[in-house]
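Read through the structure below, which is laid out as structure tokens, and then see the notes.
The values are calculated or read from the model by the stated rules, or taken from the named source; none is laboratory data. Small disclaimer: the values here were computed from a predicted structure and weren't measured. Here the Cβ positions follow ideal geometry from the backbone for every residue, glycine too, while neighbour counts run over all protein chains shown.
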Amino acid sequence: MLRRKSSMLGWLLAILLLVTFPASALELRGFPSSPSFFTLTIVTSATGPLLIGGTGTTSPLTLRSTSGVGAAGADIIFQVGNNGATEAMRIRNSGNVGIDEASASTAKFAVGTNTTVGVEVVPGATEVLLRAFNRGAGSYGHFDVETSLAGTPTLRLNTNRNMLLATTTNAGTSGVGVFVLGPSTAPSTSPADVVQLRGADVAGAGTFGLEIRDEGGNLYAIGQGRIAVPRSDVAGEVAIAGFTNRTTGMRFPAGAERIVFDIAGLSQITIASDIMYLTSGFVIDFTGGSGPGLVADAANILAQRNSLSTQEFRVENTFTSATNREYGKLGWTSNVFRVGTVKGSGGGTARALALTTDDTERWTIGATSGHLVGGSGYAIQTTCVAVGSLPAGTAGMRTCVNDQLTTCPVLDGTFTAGGGVTCSAFYNGTAWVHS
């Protein structure tokens, strides 16, 4: 009994010493084993360099902010620095954790610079949000990812929901949800199953745009209103390499064997060796089905036709407007095929019509006189017919006969067949006579 009481007094002394003195200045001896307590209550504070949960490899260490029962409100606070002047971490009663971020009011986990700027993880109903905040400004901030110590972010997600890669320059005015590429260095290889995109000057300084490199090493560039595309990997089929814009149109490189415009799996238009091949003809339609169509009627025959209307071909001389113009035409009007010149109803000049050979005018119809004028020494030659083969005449018609009986009849005399004399003939409105 005496030994048991002595042992209990020793334990009480050990507790008193542990509470009163720092552990570094306290040494306990003469006890059969380490002290063990169910509950130790310290009114002010306990000082010691080490707190151990147990001696076993699976012994837990439990920290509890309070043993009080009632509404939750107690946090576990970790303080460092000058007598605990700096709060390093707080575990709130809600379970949220803040490192250098005392509030951690909405985030499950927050890291910041003492309640001002930081990053927080916020669980949502079906997702987890990672947010950059600036509580001092009352807003969320940029989220930067840095891959070097240079201080320049490799990737930035800013408050406009823009994503900036290799730059801190934001998208243009009012830009929201924009992907912005900064300057980059061109890759020297093309890994398999990878497409590489980068920002670059696509056509010299001041032409910054988008460059795309496929796994074959082909470069595609978009910038300054241009689209540059390399040769196709289908040899001799589609070879577009140039750019398009409103000034220069589309360009194709030397060595482009042919260009095929494919519609619904059918090659409709093929351009090769300065020739355009049209599989089903070529139609220019401005009027809902009545436009002219150019069609290969047969080998080496090109036809302009449309089943809904007659056709006309025009070659402009001058054009100011639809009514102020001059043009030559050939086409059908009222079932008559006509070749001639036209001036506009609101302007233009009537022009003559000439027949030429070897680029020399042989016969000309005057612009207004209607006279057929031949060059010096030119004549109109007709094929003479037998008297009995003269056609039913129209006043003013001229031809010749080649079987007059003897000599030509007197002027305005009629013809007599049966000979071999050639005479000129004129139809006077009643009969064919010599003229």
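Condition test on Val410, is it farther than 30 Å from Thr323 by Cα, surrounded by fewer than 10 Cβ atoms within 10 Å (Cβ to Cβ) and free of Cβ contacts under 8 Å to residues at least 60 places away in the same chain?
On the way: farther than 30 Å from Thr323 by Cα: yes; surrounded by fewer than 10 Cβ atoms within 10 Å (Cβ to Cβ): yes; free of Cβ contacts under 8 Å to residues at least 60 places away in the same chain: yes.
Yes, satisfied.
With Thr154, Thr185 as the choices, which residue is at pLDDT below 90 and not aromatic (Phe, Trp, Tyr)? Step through it out loud before you land on a result.
Working: Thr185 fails: at pLDDT below 90.
Of Thr154, Thr185, the one residue that is at pLDDT below 90 and not aromatic (Phe, Trp, Tyr) is Thr154.
Please work out which one of (1) assigned to a loop (DSSP other than H, G, I, E, B); (2) closer than 25 Å to Arg131 by Cβ; (3) more than 23 Å from the chain's Cα centre (by Cα) is the condition Val176 fails and give its number.
Only one criterion in (1) assigned to a loop (DSSP other than H, G, I, E, B); (2) closer than 25 Å to Arg131 by Cβ; (3) more than 23 Å from the chain's Cα centre (by Cα) is unmet by Val176, namely (3).
Those residues that are within 15 Å of Gly393 (Cα to Cα) and either outside the structural domain of Thr399 (by TED's automatic domain parsing) or small (Gly, Ala, Ser) (or both), I need them from region 410-431; list them, please.
The answer is Ser424, Ala425, Gly429, Ala431.
Would you confirm whether or not region 303-316 contains a residue that is under 30 Å from Val421 (Cα atoms) and either in a loop (DSSP other than H, G, I, E, B) or at pLDDT 95 or above (or both)?
Of all residues in region 303-316, those under 30 Å from Val421 (Cα atoms) come to none.
No - not one qualifying residue is present in region 303-316.
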